[in-house]
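> Quick one: this structure, given as structure tokens, is what I'll be asking you about.
The values are calculated or read from the model by the stated rules, or taken from the named source; none is laboratory data. Owing to the predicted nature of the structure, the values given are computational and were not obtained by experimental measurement. Positions of Cβ are generated from backbone atoms using ideal geometry, with glycine treated the same way; all protein chains shown enter the neighbour counts. Each accessible area value is taken on the protein alone, full model and side chains, heavy atoms only, with ligands, DNA and RNA left out. Shrake-Rupley method; radii C 1.70, N 1.55, O 1.52, S 1.80 Å.
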Amino acid sequence: MTQKNHSFHIPVMGTGFTIDTPLRVARYGISSVISIVDDVLVEQMRKFYSETNNEPYEEIRAKSEDSRARRITAYLNLVDKILKRQVKELQSSPFEPGSEITRYFSMLPAGELKENYDTMLETEDPTSRLEQQAVLREKATPGSIDVNIMTKVDAAKFRGKTQLAPELSDAQAALRGYAHSTLESAIIFSAGINQRLYSYIATFKDFFPNASGDIKKKIVLKVSDYRSSIIQGKFLARRGLWVSEFRIESGLNCGGHAFASDGYLLGPILHEFKENMSELIKKLFPLYSKTLANKEKVVPDQALAVDLTVQGGIGTCSEDALLRDHFNVTGTGWGTPWLLVPEATTVDDTHMQRLRSAGKSDVFLSDSSPLGIRYWNLRTSDSEVARRERVDANVPGSACPKGFLVSNTEFTDIPICTASRAYQKKKLVEIETRKLPANKLEALRTYVLGKSCICHDLAGVATRKNSLEEKVTPAICCGPNIINFNKTATLEEMVDHIYGRISLLSNANRPHMLIRELELYIDYLKNELEKVSLDLSDRTLKYFETFRANLENGIRYYHELGEEYVTEKQEQFINDLEDLTKELRSISFASLSASTAVTA
């Protein structure tokens with residue numbers, strides 16, 4: 001795996017937005033993440049890029065043997081092949097204005113490599129200048145082509161009513177597709193532990209140290225707290241698998257699925273990691289090395305490096321610096337703002353305009369996901385508009401063309417999706433039989449009808465943009481941070497914004513990312529209380545008391561942090577903290593004791 005010359009990455013965003021991002025930015029040293037959930041989209045994009053790059057293409061049909069894994073392997077190999085060609089062309093391009101190699105070095109952050117480049121530009125002696133250029137060309141290394149598997153997207157496969165072998169499940173087939181690829185990169189696992197999937201990793205050699213002690217394919221875990229990192233890290237270490245990076249993501253201040261914690265805020269979570277990272281490595285390495293020895297594999301002399309990265313709502317260079325300098329994170333993920341960079345991510349023109357004009361009410365934390373996890377949604381997306389139109393026409397639900405999120409067996413023996421027409425028709429009939437007050441019945445109907453076909457619609461931006469599908473209603477899962485950016489940006493402009501060389505912010509009153517997350521958690525608390533009042537949740541009084549106590553602990557921590565370490569708009573940070581403290585204290589739990597939940 002090459003040395004990264006940029007310390008930020010572009011995280012996975014849905015299935016379509018970053019499906020080809022490495023082909024757009026990796027040659028400039030920028031790492032990004034491809035979702036490998038949707039093998040249908042993967043195959044479509046392989047055909048598209050094979051044709052545009054004069055590469056041979058032979059279709060891998062859906063019903064052919066192990067098609068899901070083979071499609072993923074073939075696409076990743078193609079991306080790897082094209083990128084290597086791009087890098088070779090970049091490294092051989094002239095050092096002149098507008099060239100590929102000049103773009104590469106111009107975007108670098110301050111540091112030794114950028115200084116070496118500047119020194120070369122100032123060198124007048126032709127021989128010395130050429131010698132320096134030769135060294136720089138070798139150091140113009142690409143970003144990593146990483147991939148993501150959401151561990152909850154692991155639907156079993158059936159032939160008729162017969163369930164197929166576990167290794168043919170969605171997540172295991174996707175893992176196998178990556179494991180067999182030529183990539184030397186990392187796989188990011190998100191959405192919690194999947195023991196069956198994690199055990200399966202150990203059947204592939206690329207996840208173990210080679211003769212030189214290097215790991216070709218590294219493991220990255222998205223975790224919500226320190227305890228989760230210990231549990232998952234130990235589980236993998238006992239199988240001889242090393243976690244090379246723990247990636248912390250804000251529970252609410254991020255795009256896509258929102259895995260809300262029980263009121264634990266990002267700052268205190270990062271503080272716990274900062275205090276305990278060395279101890280964590282000490283706990284994992286003995287388990288790891290013992291298993292490697294038992295398996296008669298290469299055992300490293302000492303514990304391997306473990307990176308700590310963070311993502312979720314970062315909007316300024318100052319916030320990025322706070323995360324690095326105070327919490328000792330080694331990298332950051334910038335997601336949502338990249339949706340406004342056509343050179344980096346895939347968004348069709350219609351939705352690019354809607355993202356630019358999105359206001360606070362346009363981006364909402366919805367119940368759209370069939371997984372039953374809260375989900376950030378753009379209210380003006382074609383997917384949401386189409387969903388509402390189907391409800392109004394009394395034909396709700398989707399035809400479920402891909403089936404990646406099937407999980408419900410309430411009415412069927414074989415799992416179906418809660419966003420499907422089949423499920424919603426049966427569920428609406430069932431809830432009408434309940435003797436519920438009108439307001440609670442309507443709330444339950446709204447919840448059921450709120451589910452969207454995100455596994456198909458999230459690919460829509462890519463298939464529409466590249467003219468691969470005519471009838472498609474794209475879904476947009478941007479995070480709430482999008483409302484602070486309102487212009488289309490070039491690749492250079494976004495990189496310059498991240499490094500503080502320019503500002504792309506459109507909202508001068510934007511709250512600090514940590515404050516915004518606290519605000520979102522208070523809104524979430526209110527929403528969960530409302531669900532209890534409507535009998536849509538079985539949350540207990542103890543849950544809410546714990547939730548508020550955790551928020552209060554976080555607020556106390558932020559007071560200390562703000563007074564000592566927040567340098568950008570410190571007064572606003574403290575004032576916002578005071579206002580949110582008052583709002584939190586005003587929330588009453590008095591009505592909870594009499595609540596009785598109805599299962600949605």
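> Among the residues of the stretch 508-529, are any of a type outside the set (K, R), in a loop (DSSP other than H, G, I, E, B), open to solvent by less than 40 Å² (accessible area, probe 1.4 Å) and at pLDDT 95 or above?
Scanning the stretch 508-529 turns up at least one residue that is of a type outside the set (K, R), in a loop (DSSP other than H, G, I, E, B), open to solvent by less than 40 Å² (accessible area, probe 1.4 Å) and at pLDDT 95 or above.
> Among the residues of the stretch 535-554 satisfying the criterion of being hydroxyl-bearing (S, T, Y) and outside any helix (DSSP H, G or I), which is surrounded by the most Cβ atoms within 10 Å (Cβ to Cβ)?
S537
Residue-wise test of (1) of a type outside the set (S, T, N, Q); (2) part of a loop (DSSP other than H, G, I, E, B); (3) open to solvent by 10 Å² or more (accessible area, probe 1.4 Å).
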{"site": "K274", "(1), (2), (3)": "yes, no, yes"}
{"site": "I281", "(1), (2), (3)": "yes, no, yes"}
{"site": "F285", "(1), (2), (3)": "yes, no, yes"}
{"site": "A293", "(1), (2), (3)": "yes, no, yes"}
{"site": "G315", "(1), (2), (3)": "yes, yes, no"}
{"site": "P337", "(1), (2), (3)": "yes, no, no"}
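> Here's a follow-up. For the stretch 247-270, indicate whether the set of residues that are aromatic (F, W, Y), open to solvent by less than 30 Å² (accessible area, probe 1.4 Å), modelled with pLDDT of 95 or more and in contact with a helix residue (DSSP H, G or I) (Cβ under 6 Å, 6 or more places away or on another chain) is non-empty.
No, the conditions are met nowhere in the stretch 247-270.
> Within the stretch 26-64, can you find the residues that are among the hydrophobic types (A, V, I, L, M, F, W, C), within 30 Å of G331 (Cβ to Cβ) and part of a helix (DSSP H, G or I)?
Within the stretch 26-64, A26, L41, V42, M45 meet the criteria.
> Still on this structure, I have one more. What is the one condition in (1) assigned to a loop (DSSP other than H, G, I, E, B); (2) open to solvent by less than 30 Å² (accessible area, probe 1.4 Å) that A156 does not satisfy?
Every listed condition holds for A156 apart from (2).
> Listed residues L108, L90, L136; which is in contact with a His (Cβ under 9 Å, 6 or more places away or on another chain), surrounded by 12 or more Cβ atoms within 10 Å (Cβ to Cβ) and hydrophobic (A, V, I, L, M, F, W, C)?
Result: L108 is the single residue among L108, L90, L136 that is in contact with a His (Cβ under 9 Å, 6 or more places away or on another chain), surrounded by 12 or more Cβ atoms within 10 Å (Cβ to Cβ) and hydrophobic (A, V, I, L, M, F, W, C).
> Looking at (1) in contact with a helix residue (DSSP H, G or I) (Cβ under 6 Å, 6 or more places away or on another chain); (2) open to solvent by less than 10 Å² (accessible area, probe 1.4 Å), find the lone condition where Y557 falls short.
(2)
> Continuing with the same structure: Mind checking whether some residue in the stretch 117-129 is open to solvent by 50 Å² or more (accessible area, probe 1.4 Å), hydroxyl-bearing (S, T, Y), assigned to a helix (DSSP H, G or I) and at pLDDT 95 or above?
Scanning the stretch 117-129, I find at least one residue that is open to solvent by 50 Å² or more (accessible area, probe 1.4 Å), hydroxyl-bearing (S, T, Y), assigned to a helix (DSSP H, G or I) and at pLDDT 95 or above, so the answer is yes.
> While we're looking at this one, here's another question. Among the residues of the stretch 170-178, is any assigned to a helix (DSSP H, G or I), of a type in the set (D, E, K, R) and within 20 Å of the chain's Cα centre (by Cα)?
yes
> Also, I was wondering about something else. Select from the stretch 179-201 the residues that are out of contact with any Phe, Trp or Tyr (no Cβ under 9 Å at 6 or more places or on another chain) and assigned to a helix (DSSP H, G or I) and list them in ascending order.
R196, Y200
> Check G14, G29 and return the single one that is of a type in the set (G, A, S), more than 20 Å from K157 (Cβ to Cβ) and at pLDDT 95 or above.
Of the residues listed, the single one that is of a type in the set (G, A, S), more than 20 Å from K157 (Cβ to Cβ) and at pLDDT 95 or above is G29.
> Step by step: first the residues of the stretch 368-417, then only those that are polar (S, T, N, Q), within 13 Å of D457 (Cα to Cα) and assigned to a loop (DSSP other than H, G, I, E, B), then the one that is farthest from the chain's Cα centre (by Cα). Which residue is that?
The extreme case among them is S381.
> Also, quick follow-up: Determine, yes or no, whether S289 is of a type in the set (S, T, Y), part of a helix (DSSP H, G or I) and either touching a Cys at 6+ places or on another chain (Cβ under 7 Å) or surrounded by fewer than 17 Cβ atoms within 10 Å (Cβ to Cβ) (or both).
The answer is no for S289.
> To continue, here is another question. Quick check: is even one residue across the stretch 221-239 under 20 Å from I145 (Cα atoms), touching a residue at least 60 places away in the same chain (Cβ under 8 Å), in contact with a strand residue (DSSP E or B) (Cβ under 9 Å, 6 or more places away or on another chain) and open to solvent by less than 30 Å² (accessible area, probe 1.4 Å)?
Within the stretch 221-239, none of the residues are under 20 Å from I145 (Cα atoms), touching a residue at least 60 places away in the same chain (Cβ under 8 Å), in contact with a strand residue (DSSP E or B) (Cβ under 9 Å, 6 or more places away or on another chain) and open to solvent by less than 30 Å² (accessible area, probe 1.4 Å).
> Since P342 meets every condition but one in (1) of a type outside the set (A, V, I, L, M); (2) assigned to a helix (DSSP H, G or I); (3) surrounded by fewer than 22 Cβ atoms within 10 Å (Cβ to Cβ), which condition does it not meet?
(2)
> Anything in the stretch 65-111 that is hydrophobic (A, V, I, L, M, F, W, C) and in a loop (DSSP other than H, G, I, E, B)? List them, or say none.
Matches in the stretch 65-111: F95, M107, L108, A110.
> Mind telling me which of the residues K157, K216, K205 ends up being over 17 Å from the mean Cα position of the chain (by Cα), at pLDDT below 95 and among the basic types (K, R)?
Sole residue among the options that is over 17 Å from the mean Cα position of the chain (by Cα), at pLDDT below 95 and among the basic types (K, R): K157.
> If you don't mind, another one. List pairs: first residue in the stretch 161-173 and in contact (Cβ under 8 Å) with a residue 60 or more places away in the chain and within 17 Å of T409 (Cβ to Cβ), second residue of a type in the set (D, E) and exposed (fewer than 11 other Cβ atoms within 10 Å of the Cβ) anywhere in the structure, Cβ distance under 8 angstrom, at least six positions apart or on different chains.
Matching pairs, first to second residue: K161/D413.
> Which one of these does G14 not meet: (1) touching a residue at least 24 places away in the same chain (Cβ under 8 Å); (2) at negative phi; (3) crowded, with 17+ Cβ neighbours inside 10 Å; (4) not charged (D, E, K, R)?
(2)
> State whether the residues of the stretch 436-451 include one that is at pLDDT 95 or above and buried (at least 24 other Cβ atoms within 10 Å of the Cβ).
There is at least one residue in the stretch 436-451 that is at pLDDT 95 or above and buried (at least 24 other Cβ atoms within 10 Å of the Cβ).
> So which pairs qualify, if the first residue must be in the stretch 119-141 and on the phi > 0 side of the Ramachandran plot, the second must be assigned to a helix (DSSP H, G or I) and modelled with pLDDT of 95 or more, the Cβ gap must be under 7 Å, and the two must be at least 6 apart or on different chains?
none
> Taking the stretch 456-486 only, how many residues are open to solvent by less than 20 Å² (accessible area, probe 1.4 Å) and assigned to a helix (DSSP H, G or I)?
9
> Okay, moving on. Report every pair of residues separated by at least 6 positions or lying on different chains whose Cβ atoms are under 9 Å apart, first residue within the stretch 50-63 and open to solvent by less than 70 Å² (accessible area, probe 1.4 Å), second of a type in the set (F, W, Y) and in a loop (DSSP other than H, G, I, E, B).
S50/Y57
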